[in-house]
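**Q** Okay, here's the structure, questions in a sec.
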Amino acid sequence: MDRLDRVSEAIAIARRARGIALESIVSGMVLSGIAMGVAAFGWLTPVAGAITQEAIDVAVILNALRALSPAPRRGSRLLPIKMARALHHEHELLEQNLDQLRSISDALDDASGQQAVDLILSAHRIVEETVVTHERGDEITLYPRLTKLLGDSYGLSAMSRAHREILHQARLLARLADGLRAEDADKYLVRDAQRVIESIEALVRIHNAQEEDIYDHAVAA
């Protein structure tokens, strides 16, 4: 399974089915108990009691069959197409920055000294000004709105975990870039910087692709 919204749907279906099952069990037991109490006082004849029990059984079965029908959507609105296009455009712009990070990582293969420092600082600036700003904006502004539109937050919770990992990698790059001097840029530090830059690039690309699926789902749901 490569669609997080499907995980969300599976959890929602399981919880709804369990809730309906418990509701049917409890309501059946309560109604049967009431009928037996009435019969104990002689207010319900055997024939009437049998018919009443059959009616209770049928009502409970019909209630349980609700699990076969689609659940009503808690979110009544869809993601506006204009907003979805704007989000797609943001990702397209971000892809350009990711291409720059890839080029920087490749250039670090043969870089050393001040050249390596300049490349690492350039990558750090790109990450802070574009990637970090984008991911924080999604978490603070976009995801709360998507939660209302989708009617649940299970898939988005997993996406928020990806945000945290991307921001963690950004902090690692910031530590490497902080106060970096030409004499510090040995092959080990350069390789560490490459790993972090490549991790950020890969994580953001995968994360963007997953978000695109969620946007499409929110528009078409």
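**Q** Can you give the convex hull volume of the alpha carbon atoms of the stretch 4-68 per residue, in Å³?
**A** 48 Å³
**Q** Assuming R0 = 30 Å, what is the FRET efficiency of ARG66 and THR45, from their Cβ-Cβ distance, to the nearest 0.05?
**A** That gives a FRET efficiency of 0.40.
**Q** Rounded to the nearest 0.05, what FRET efficiency do GLN115 and ARG145 give with R0 = 45 Å and r taken as the Cβ-Cβ distance? Could you check?
**A** After rounding, the FRET efficiency stands at 0.55.
**Q** Further question on the same structure: Under the classification rounded if a/c is under 1.5, otherwise prolate if a/b is larger than b/c and oblate if not, where does the stretch 169-220 fall, given a ≥ b ≥ c as square roots of the Cα gyration tensor eigenvalues?
**A** prolate
**Q** Note down, for the stretch 81-220, the three equivalent ellipsoid semi-axes (square root of 5 times each alpha carbon gyration tensor eigenvalue), biggest first, whole angstrom.
**A** 33, 14, 11
**Q** Starting from the Cα of LEU189, step 7 Å along the direction of its Cβ; do the same at ILE25; then give the gap between the two resulting points in nm.
**A** 6.3 nm
Bear in mind that the values in this text are calculations on the coordinates, not laboratory data. Not measured: the values here are computed from a predicted model. Cβ: placed from backbone, ideal geometry, glycine included. Neighbour counts: every protein chain shown.
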